[in-house]
Amino acid sequence: MSDTAVALTALVVASLALAVAAWAVAQAAQVRGRLRHVESQRPVGAGDLAALRSDIAQALRHVAVVRYDAFGDMGGRLSFSAAVVDDRGDGLVFSSIHARGESRTYAKGVVGGGSDATLTPEEQQALAAARTGHQKA
């Protein structure tokens, strides 16, 4: 091989190496740009986390149902009381009393785990189960 061919080959290899290096730098810059974009999209900062926790605490997510026979001559435990409350114990208790000829439904508001209306023992049981997460059979 002549000196000119060797020099030409070295020039081509150097040019390819330079092109590959330039491509790698461009790719790295592109990845850095994508990373900055992803980091700017992070949804949870300290303030956001506190807001999310507050929203979750207000969600009516604690639920319990107590089924029972409201009258001695009825079977099948068709009456029920259900409590639906948030983390602070705010929500509602509703009951459906099933009798032979009719059913009646009642709803009572709950604030801080208590109600201004008198709760029946079954409603109290449902409320306690919703607040503690432990439901009796």
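Structural remarks
- Test for Asp87: is it touching a residue at least 24 places away in the same chain (Cβ under 8 Å), of a type outside the set (S, T, N, Q) and surrounded by 12 or more Cβ atoms within 10 Å (Cβ to Cβ): yes
- Count of segment 93-117 residues which are β-branched (Val, Ile, Thr), surrounded by 12 or more Cβ atoms within 10 Å (Cβ to Cβ) and more than 30 Å from the chain's Cα centre (by Cα): 1
- Taking every residue in segment 104-133 that is more than 17 Å from Leu60 (Cβ to Cβ) and pairing it with any residue that is of a type in the set (Ser, Thr, Tyr) and surrounded by 12 or more Cβ atoms within 10 Å (Cβ to Cβ), at least 6 positions away or on another chain, the pairs with Cβ-Cβ distances below 6 Å are Thr105/Ser96; Tyr106/Ser95; Glu122/Tyr68; Glu122/Ser81.
- Each residue in segment 66-77 was checked for being free of Cβ contacts under 8 Å to residues at least 24 places away in the same chain and either crowded, with 19+ Cβ neighbours inside 10 Å or touching a Ser or Thr at 6+ places or on another chain (Cβ under 8 Å) (or both), and 2 of them qualify.
- Hey, Arg42 at pLDDT 75 or above and among the basic types (Lys, Arg) or not: no
The values are calculated or read from the model by the stated rules, or taken from the named source; none is laboratory data. This is a predicted model, so every value here is computed, not measured. Glycine also receives a Cβ, built like all others from the backbone with ideal geometry; neighbour counts cover every protein chain displayed.
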